[in-house]
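Let me begin by presenting the structure, written as structure tokens, before commenting on it.
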Amino acid sequence: MSALVAQALQKRYGPVAALAGVDITVAPGELVGLIGANGAGKSTLMKIICGLVRPTSGAATVCGAPAGSREARRSLGYLAELFRFPGWSTASEVLALHQRLAGSARGGVERDALLQLVGLGDAAGRRVEGMSKGMQQRLGLAQALIGDPKLLLLDEPTSALDPAGRRDVRTLLLGLRDRGVAVLLNSHLLGELERVCDRVVILSGGRIVAAGRPEELTRMGGIEIQTGAGPRRFPQARREDIPRIVSQLVSEGVDIYEVSVVRGTLEDVYLQALARE
């Protein structure tokens, strides 16, 4: 059973179409990234999956249950882009509250395990108001994991983290994938998505304009060879052309220091998709 299935989702706010027919499926243990400009429909899609917003038409299911139903909510964890925990609460108290809301009866064992998992093992008694923004972001991740969700919805989960923190979150996400947890990840940090996602979906104007595995979307852009006279680019060359090109240059007396395959980036793909729109 798919962790998430969205079919022909449309959402209109008066004359504005936030979503204009979106189809997306996320399998168990699959990590899917969402890319799009502000207003592209990413957050609306997330809110429909959570049951916070009802679609104008179309439907979404979470682990086979209609989005927004009690069964669907039991199966997912959600971290919003903008969230705020009570400043006077400790990390442990925040998680205890969300355990009650989620109906989790695992108590302190679960709280301690989650805090350890996100790098806050020594901060159980620390008040939110005394935490850095990065620590609060980690706490937000911990609360999203309460109850062992089968689908995790993350809206800009690394926005407040430093490079070391982003690396830790990448490691965490890969570990969740290995445990069969599906993740739908919305982020403007395209390099992060490229590193961890199995698939990427690009939204523009409420529609999917490109989708696929990162290595499929970021196709080769030729060969670049560093020579004694400077770099030389062969934009139409493929990987299998390298021996022939190098042999030809060497026969011409060219000194070769480095050969690299040039690939596009998700940023290139994203900007090209928007340009086509």
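Quick note: the coordinates plus some simple rules give every number you see, no bench work behind them. Because the structure is a prediction, the values reported are computed rather than measured. Because the Cβ atoms are built from the backbone with ideal geometry, glycine has one as well, and the counts that use them run over all protein chains shown.
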statement: Whole-Hz Karplus couplings 3J(HN,Hα) for region 168-180, θ = phi - 60° and coefficients 6.51, -1.76, 1.60, Gly and Pro as x, run 4, 5, 4, 4, 4, 5, 5, x, 5, 4, 5, 8, x
- prompt: Long-range amide H contacts for SER204: which residues qualify at under 5 Å (H placed 1.01 Å from N, peptide plane, sequence gap of 5 or more or a different chain)?
  reply: VAL209
- prompt: In the chain, what % of DSSP beta bridges are antiparallel (nearest 5)?
  reply: 65
query: Residue by residue, what Karplus-based ³J(HN,Hα) values in Hz, rounded to whole numbers, does region 37-51 have, using 6.51, -1.76 and 1.60 with θ = phi - 60° and x for Gly and Pro?
result: 5, 4, x, 6, x, 5, 5, 4, 4, 4, 5, 5, 4, 6, x
message: Along the charge dipole of region 46-128, pointing to its positive end and built from +1/-1 on Cβ of Lys, Arg, Asp and Glu, which listed residue (ALA60, HIS98, LEU79) has its Cα farthest out?
response: ALA60
- request: Taking chymotrypsin sites (Phe, Trp or Tyr not before Pro) as candidate sites, keep only those in a DSSP loop with at most 14 other Cβ atoms within 10 Å, then name the longest stretch of the chain containing none of them.
  value: 89-277
task: Sort out for me the Cα centre separation of region 120-164 from region 193-242, rounded to whole Å.
output: 33
task: Read phi for every residue in region 11-16 and hand back ³J(HN,Hα) as whole Hz from Karplus 6.51 cos²θ - 1.76 cosθ + 1.60, θ = phi - 60°, with x for Gly and Pro.
output: 9, 10, 10, x, x, 8
- prompt: Where is the GNM fluctuation largest for the chain (alpha-carbon springs, 10 angstrom cutoff): ARG207, ARG126, ARG54?
  reply: ARG126
message: Only sites in a loop by DSSP and with at most 10 other Cβ atoms within 10 Å count here; which trypsin sites (Lys or Arg not before Pro) in region 210-255 make the cut?
response: ARG219
message: Running a GNM on the chain with Cα contacts under 10 Å, which residue among LEU153, LEU193, LEU249 ends up with the highest mean-square fluctuation?
response: LEU249
Under-5 Å amide H pairs with GLU30, H placed in peptide plane, nonlocal only: ALA182, VAL183
- line: Long-range amide H partners of GLY68, meaning residues 5 or more apart or on another chain whose placed amide H is closer than 5 Å, are GLY51, ARG73
